[in-house]
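A short write-up of the structure that comes next.
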Amino acid sequence: MNKEKFAFKKSNYILLLISVAIIIVGFLLMTGPGSTETHFEPDIFSFRRVVLAPAVSFAGFILIIYAIMHRGKKAE
């Protein structure tokens with residue numbers, strides 16, 4: 001097979017996998033107990049769920065854009 005026909009190189013796929021893992025971590029940071037009709041859960045407004053988790057997920061999406069645009073080193 002000719003490697004010149006592939007759109008992405010190995011480094012692109014590695015960066016894509018890392019960025020998907022970062023997004024999954026961000027979404028896992030958002031999870032937690034929710035409020036019910038009888039009990040209010042103040043943890044829904046914690047720093048982790050409101051600030052940190054969206055920032056981590058956003059960084060993962062930015063890294064996906066970089067992974068797609070990344071050209072890598074040309075083997076000569």
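The values are calculated or read from the model by the stated rules, or taken from the named source; none is laboratory data. Every value quoted in this text rests on a predicted model; they were computed, and no experiment measured them. Note that each Cβ is placed from the backbone with ideal geometry, even for glycine, and that neighbours are counted across all protein chains shown.
Figures for the structure shown
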| read-out | value |
| --- | --- |
| Enumeration of residues in region 29-42 that are surrounded by 12 or more Cβ atoms within 10 Å (Cβ to Cβ) and in a helix (DSSP H, G or I) | L29, M30 |
| Qualifying positions in region 21-72 - under 30 Å from A7 (Cα atoms), modelled with pLDDT under 90 and touching a helix residue (DSSP H, G or I) at 6+ places or on another chain (Cβ under 8 Å) | H70, G72 |
| Every pair of residues 6+ apart whose Cβ atoms lie under 6 Å, when the first sits in region 34-63 and is under 25 Å from L15 (Cα atoms) while the second is surrounded by 12 or more Cβ atoms within 10 Å (Cβ to Cβ) and of a type in the set (S, T, N, Q) | G60/S19; L63/S19 |
| Pairs where the first residue, in region 7-25, is closer than 9 Å to A67 by Cα and the second is in a helix (DSSP H, G or I) and among the hydrophobic types (A, V, I, L, M, F, W, C), C-beta under 6 Å, 6+ apart | N12/A67; L15/A67; L16/A67; S19/L63; S19/I64; S19/A67 |
